[in-house]
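> Before anything else, here's the structure in question.
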């Protein structure tokens, strides 16, 4: 994975980068399930001058099965969703559209993150990660003398 320290990305660029990294992870064999190229978990990303917020839909995933890491400006979500039913002698699965297994989502944020102040909350199947920008990296308005 490549980490760049370029100027802040616009949100559409951020989404393209996240999708590129997801596709790259899939090519490396870390697909959610071999029969489907489903992107899981689906995420939303918002950014302001002070922070970024990432939410991920994780229905059927327990809090103990989620791992969130951040390094500089890269967020990594890892976890596992177990299947609801295992096929066996007395069970025949006729249709299975909900993906299961291990997942990895990585995304480059539009700025470096103050890792000591990152917070994560998991409620009703939604993971919300708040990623504050370091004070030194925030834009500062410069007063012009005359």
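> Suppose we filter 68, 61 for residues that are closer than 30 Å to residue 138 by Cβ and modelled with pLDDT of 90 or more; which single one remains?
68
For (1) surrounded by 12 or more Cβ atoms within 10 Å (Cβ to Cβ); (2) on the phi < 0 side of the Ramachandran plot; (3) in a strand (DSSP E or B); (4) under 21 Å from the mean Cα position of the chain (by Cα), each residue gets a yes or a no:
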| position | (1), (2), (3), (4) |
| --- | --- |
| 78 | yes, yes, yes, yes |
| 85 | no, yes, no, no |
| 98 | yes, yes, no, yes |
| 102 | yes, yes, yes, yes |
| 107 | yes, yes, yes, yes |
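> Check 67, 82 and return the single one that is touching a helix residue (DSSP H, G or I) at 6+ places or on another chain (Cβ under 9 Å) and within 17 Å of residue 41 (Cβ to Cβ).
82
> Which of the residues that make up segment 110-146 are modelled with pLDDT under 90 and touching a strand residue (DSSP E or B) at 6+ places or on another chain (Cβ under 6 Å)?
110
> Pairs needed: first member in segment 113-141, in contact (Cβ under 8 Å) with a residue 40 or more places away in the chain and at positive phi; second member anywhere, in a loop (DSSP other than H, G, I, E, B) and surrounded by 13 or more Cβ atoms within 10 Å (Cβ to Cβ); C-beta distance under 6 Å; at least 6 residues apart or different chains.
125/58
Residue-wise test of (1) part of a loop (DSSP other than H, G, I, E, B); (2) at pLDDT 70 or above; (3) surrounded by 13 or more Cβ atoms within 10 Å (Cβ to Cβ); (4) in contact with a strand residue (DSSP E or B) (Cβ under 7 Å, 6 or more places away or on another chain).
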{"residue": "14", "(1), (2), (3), (4)": "no, no, yes, yes"}
{"residue": "18", "(1), (2), (3), (4)": "no, no, yes, yes"}
{"residue": "22", "(1), (2), (3), (4)": "no, no, yes, yes"}
{"residue": "26", "(1), (2), (3), (4)": "no, no, yes, no"}
{"residue": "30", "(1), (2), (3), (4)": "yes, no, yes, yes"}
{"residue": "40", "(1), (2), (3), (4)": "yes, yes, yes, yes"}
{"residue": "46", "(1), (2), (3), (4)": "no, yes, no, yes"}
{"residue": "53", "(1), (2), (3), (4)": "no, yes, yes, yes"}
{"residue": "56", "(1), (2), (3), (4)": "no, yes, yes, yes"}
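> With respect to the numbered conditions (1) free of Cβ contacts under 8 Å to residues at least 24 places away in the same chain; (2) at positive phi, which one is the sole condition not fulfilled by residue 60?
Result: residue 60 fails condition (1) only.
The values are calculated or read from the model by the stated rules, or taken from the named source; none is laboratory data. Nothing here was measured: the structure is a model prediction, and the numbers come from that model. When we count neighbours, we look across all protein chains shown, and the Cβ atoms used for this are built from the backbone with ideal geometry, even at glycine.
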